[in-house]
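Everything on this sheet refers to the single structure shown next.
Every number here is computed from the coordinates shown, using simple stated rules; none is lab data. Only a predicted model underlies this, so the values are computations on that prediction, with no experimental measurement involved. For neighbour counting, all protein chains shown are included, and Cβ atoms are generated from backbone atoms with ideal geometry for every residue, glycine included.
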Amino acid sequence: MKILGIETSCDETAAAVVRDGVEILSNVVVSQIDIFAEYGGVIPEVAARSHLEVVLPVIDKALADAKCSWDDIDAIAVTHAPGLLGSLLVGTLTARTLAILHDKPLYAVHHLKSHVYANWLNTDGRLPQFPLLALVVSGGHTQILYMRGHNQFEIIGTTRDDAVGECFDKVAKVLGLPYPGGPSIDKAALSGNPDKYVLPHPKIPELDFSFSGVKTAVLRLVQKEVGVPISYPSHKLKELLNPQQVNDFAASFQKTAVEILCEKLEMALERYPEVQSVVVSGGVSASQALREALPEAYFPVRALSGDNGAMVAAACYYEIQSGVEPTDPYKLNIYPRISVEN
Ligand code: KG4
Ligand code: ZN
């Protein structure tokens with residue numbers, strides 16, 4: 001079964017063809033990072049406009065790279081939730097139109113489900129086993145999910161404020177490192193001392209996370225280090241930091257963020273001793289430090305950590321296997337904030 005997956009929930013326009021949920025035949029990702037690096041973050045209206053410009057060429061290339069015509073495609077899968085409203089609209093309206101035009105079944109896929117299913121792609125047959133825990137760490141989400149089987153998601157831990165990726169992005173901004181912050185901090189941390197600055201671990205009960213306190217702690221320590229009051233404009237702090245301080249802050253923050261994630265994951269494993277595998281996914285799963293801290297866990301190949309169409313097609317395949325019915329292409333709606341449990 002060949003599924004065309006389409007993903008436009010944030011700032012990547014992506015399409016891919018995947019065979020039977022595991023084999024990538026093509027995977028095309030056009031990133032808007034260059035546009036948003038200038039602004040230091042995503043501007044939703046600009047993102048939607050960029051999706052509109054490239055979505056059809058991206059889909060055409062995905063079909064061409066997979067050496068497929070429309071006749072070869074068995075189903076279309078598209079991200080309908082959660083994400084930026086305008087961005088989701090472009091992908092879903094495109095998918096709806098194509099499904100009607102080419103008379104293909106259309107499936108709506110939740111973005112976090114698709115991140116999890118990146119772990120089933122290009123794995124050389126080593127697949128995660130159920131029941132499993134999925135740590136989803138992206139720019140918009142930080143959750144621990146319990147999966148009893150395919151397409152069964154229970155949220156057992158979630159962030160009460162910022163997502164971990166968002167925290168990487170905000171800390172990078174204070175340090176004057178380019179957007180997106182995760183890869184910049186990953187790189188800077190290689191030349192920094194992770195023990196130079198001590199940052200607090202949040203005291204959040206249960207399996208929930210909090211990252212806003214860590215972000216503020218970095219800000220306060222930077223202010224103290226360069227000797228300015230807390231009223232000093234945060235966007236000017238970077239001018240007062242020397243490169244070694246930047247690297248040390250990056251390394252210390254990254255170490256703390258990884259420790260916080262691992263602590264909660266360990267707690268979850270104690271609570272669910274029957275768990276057979278741990279899978280990590282979402283943009284932050286590209287982190288080298290996180291990969292080294294969790295040697296037993298499954299991580300997607302790096303190219304599939306961030307947003308892509310292949311993971312949407314993979315998730316759709318397992319939804320179909322679980323008996324999920326196609327959606328009405330005349331009615332498919334978007335849900336910018338809906339949970340993975342719905
Ligand atoms: O999954 P994703 O591409 O988009 C969302 O669904 O949000 O995740 C993007 C996030 C950004 O916050 C980015 O800074 C972070 O993933 N990220 C990383 C790394 N690469 C990307 N965070 C830490 N280390 C990395 N190497
Ligand atoms: Zn994502």
Within a Gaussian network of the chain (alpha carbon springs, distance under 10 Å), most fluctuating of 281, 87, 252: 252
Euclidean distance of C-alpha centroids, region 82-108 and region 180-243, integer Å: 39
Cα centre as origin, Lys/Arg/Asp/Glu Cβ charges: the chain dipole, Debye: 680
Within region 103-145, backbone nitrogen closer than 13 Å to the virtual label 7 Å beyond the Cα of residue 296 toward Cβ: 133
Between region 14-49 and region 287-307, the Cα center-to-center distance that results, in Å: 19
Fraction of beta bridges assigned by DSSP in the chain that are antiparallel (%, nearest 5): 60
Of 238/264; 187/224; 224/255, those spanning more than 22 Å from alpha-carbon to alpha-carbon: 238/264; 187/224
Loop-exposed trypsin sites (Lys or Arg not before Pro) per DSSP, neighbour cap 14 Cβ within 10 angstrom, longest uninterrupted part of the chain: 204-330
Gyration tensor verdict on the chain (Cα atoms; rounded if a/c is under 1.5, prolate if a/b is larger than b/c, oblate otherwise): prolate
FRET efficiency for residue 303 and residue 155, using Cβ-Cβ distance with R0 set to 45 Å, rounded to 0.05: 0.95
Local electrostatic count, residue 341, Cβ distance below 11 Å [Lys/Arg +1, Asp/Glu -1]: 0
For residue 159, residues with placed amide H under 5 Å, excluding near neighbours: 142, 209
Rounded to 5, percent antiparallel among DSSP beta bridges of region 63-206: 65
Cα centre as origin, Lys/Arg/Asp/Glu Cβ charges: region 89-196 dipole, Debye: 120
Likely footprinting exposure, 78, 312, 228, fewest C-beta neighbours within 10 Å first: 228, 78, 312
Order of 169, 162 under a 10 Å beta carbon neighbour criterion, fewest first: 162, 169
Region 90-162 shape via C-alpha gyration tensor axes, a/c threshold 1.5: oblate
Ranked list, fewest to most other Cβ atoms within 10 Å of each Cβ, for 13, 158: 158, 13
In region 1-98, GluC sites (Glu not before Pro) in a DSSP loop with at most 11 other beta-carbon atoms within 10 Å: 38
At most 14 other Cβ within 10 Å, DSSP loop - GluC sites (Glu not before Pro), region 255-302: 274, 296
Low-density loop positions, chymotrypsin sites (Phe, Trp or Tyr not before Pro), region 261-342 - DSSP coil, at most 11 other Cβ in 10 Å: 330
Separation in nanometres of the label points that stand 7 Å from Cα toward Cβ, at residue 228 and residue 130: 5.3
Those aspartates and glutamates that a straight Cα-Cα span of less than 12 Å connects to residue 170, excepting residues fewer than 8 apart in one chain: 162
Pair residue 239, residue 22: separation of 7 Å Cα→Cβ label points (nm): 5.7
Dipole-positive endmost among 232, 5, 58 within the chain (Cβ charges, Cα centre): 232
Net charge of neighbours whose Cβ lies under 13 Å from the Cβ of residue 7, counting Lys and Arg as +1 and Asp and Glu as -1: -2
